[in-house]
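Enquirer: Input: one structure, supplied below.
Laboratory data are not the source of any read-out in this text; all were calculated from the coordinates shown. On a predicted model such as this, the values are computed, not experimentally measured, just so you know. Note that each Cβ is placed from the backbone with ideal geometry, even for glycine, and that neighbours are counted across all protein chains shown.
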Amino acid sequence: MSVKEGSLSRSNDLAVHFEVTDGANSVAVAYRGLLPDLFREGQGVIAEGVLDGHGMFLADSVLAKHDETYMPKEVAEALKKQGHWKEDYQKKIGAIPAGKGP
């Protein structure tokens, strides 16, 4: 599931409304709180909570999912130190900007 493009709305009191979609179906989500840095429209998301009687998902927590090419900077650095790093990894994942790695 991902955050549906064009569905995100925020208010000043940390209330957030958005829709999650699998491409065919969507569910409206309401959440109050800080969102993860990676949260954005089109991004994979995991929301935990309950579905109310009106079809609104009331989220207690929202997590942003990494895509399959994500690699933390620490892992990339460890691969380089061990001699297992391939330069095309950087192009695929963008873990360490050019000239910034070890």
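Enquirer: Extending each Cα 7 Å along its Cβ direction at Ser26 and Lys65, get the distance between those two points in nm, one decimal.
Expert: Placing both labels 7 Å beyond Cα along the Cβ direction yields 1.8 nm.
Enquirer: Can you tell me how much longer the chain between Asp37 and Ser7 gets when fully stretched, taken as 0.36 nm per residue apart minus their C-alpha distance, in nm with one decimal?
Expert: 9.0 nm
Enquirer: Using a simple spin-label model with points 7 Å from Cα along the Cα→Cβ vector, what separation in nm is obtained for Gln82 and Leu51?
Expert: 4.2 nm
Enquirer: Okay, moving on. If amide hydrogens are placed 1.01 Å from N in the peptide plane, which non-local residues have theirs closer than 5 Å to the one on Lys65?
Expert: Residues meeting the amide H criterion: Gly44, Val45, Ile46.
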